[in-house]
1. Within the stretch 85-105, can you find the residues that are on the phi > 0 side of the Ramachandran plot and either assigned to a helix (DSSP H, G or I) or surrounded by 14 or more Cβ atoms within 10 Å (Cβ to Cβ) (or both)?
2. Give just the number: which of (1) outside any strand (DSSP E or B); (2) touching a strand residue (DSSP E or B) at 6+ places or on another chain (Cβ under 7 Å); (3) surrounded by 12 or more Cβ atoms within 10 Å (Cβ to Cβ) does residue 81 not satisfy?
3. Here is a check on your reading of the model: is residue 42 assigned to a loop (DSSP other than H, G, I, E, B) and either outside the structural domain of residue 112 (by TED's automatic domain parsing) or modelled with pLDDT of 95 or more (or both)?
4. For the subset of the stretch 106-139 comprising residues that are touching a residue at least 40 places away in the same chain (Cβ under 8 Å) and over 15 Å from residue 152 (Cβ atoms), which member is surrounded by the fewest Cβ atoms within 10 Å (Cβ to Cβ)?
5. Restricting the stretch 123-135 to residues that are part of a loop (DSSP other than H, G, I, E, B) and out of contact with any helix residue (DSSP H, G or I) (no Cβ under 9 Å at 6 or more places or on another chain), which is farthest from residue 87 (Cα to Cα)?
6. If only one of 9, 50 is within 17 Å of the chain's Cα centre (by Cα) and surrounded by 15 or more Cβ atoms within 10 Å (Cβ to Cβ), which one is it?
């Protein structure tokens with residue numbers, strides 16, 4: 001995680017991170033309580049419950065730090081600006097060389113979900129599309145080779 005880069009998020013994505021933070025903080029508190037119970041006098045040596053609780057607390061602490069960092073560096077994507085130029089928050093319809101049409105929604109890496117069409121602006125396809133307009137063609141190097149895409153619409 002580059003601590004100097006903004007984290008591109010939709011307003012909904014920021015809200016989800018905040019909800020995740022609250023949930024993880026609650027789970028950390030539960031793990032801490034288990035750690036306290038497991039560390040009662042006489043139970044400290046060779047205590048697998050204590051070790052497990054300590055590991056959970058450490059994992060939750062790491063995740064809390066990560067979420068707080070992302071929230072602190074959040075840059076909200078302006079959705080629905082419809083500038084005609086592909087940018088974070090744009091919905092782009094593309095056609096490949098075989099006439100297959102795909103719709104992508106450009107988001108930041110945190111919210112990327114390629115199976116639902118939400119692609120990161122940092123992905124190969126996302127990088128190729130950013131700054132482009134309807135009618136332009138892009139070549140994208142993907143694991144399967146080079147893909148030629150024609151941009152049909154940018155909303």
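The values are calculated or read from the model by the stated rules, or taken from the named source; none is laboratory data. These figures come from a predicted structure and were not determined experimentally. All Cβ positions, glycine included, derive from the backbone under ideal geometry; neighbour counts span all protein chains shown.
1. Once the filter is applied, which keeps residues that are on the phi > 0 side of the Ramachandran plot and either assigned to a helix (DSSP H, G or I) or surrounded by 14 or more Cβ atoms within 10 Å (Cβ to Cβ) (or both), the stretch 85-105 yields only 89.
2. All conditions pass for residue 81, except number (2).
3. Yes.
4. 131
5. Going through the qualifying residues, I end up with 135.
6. 9
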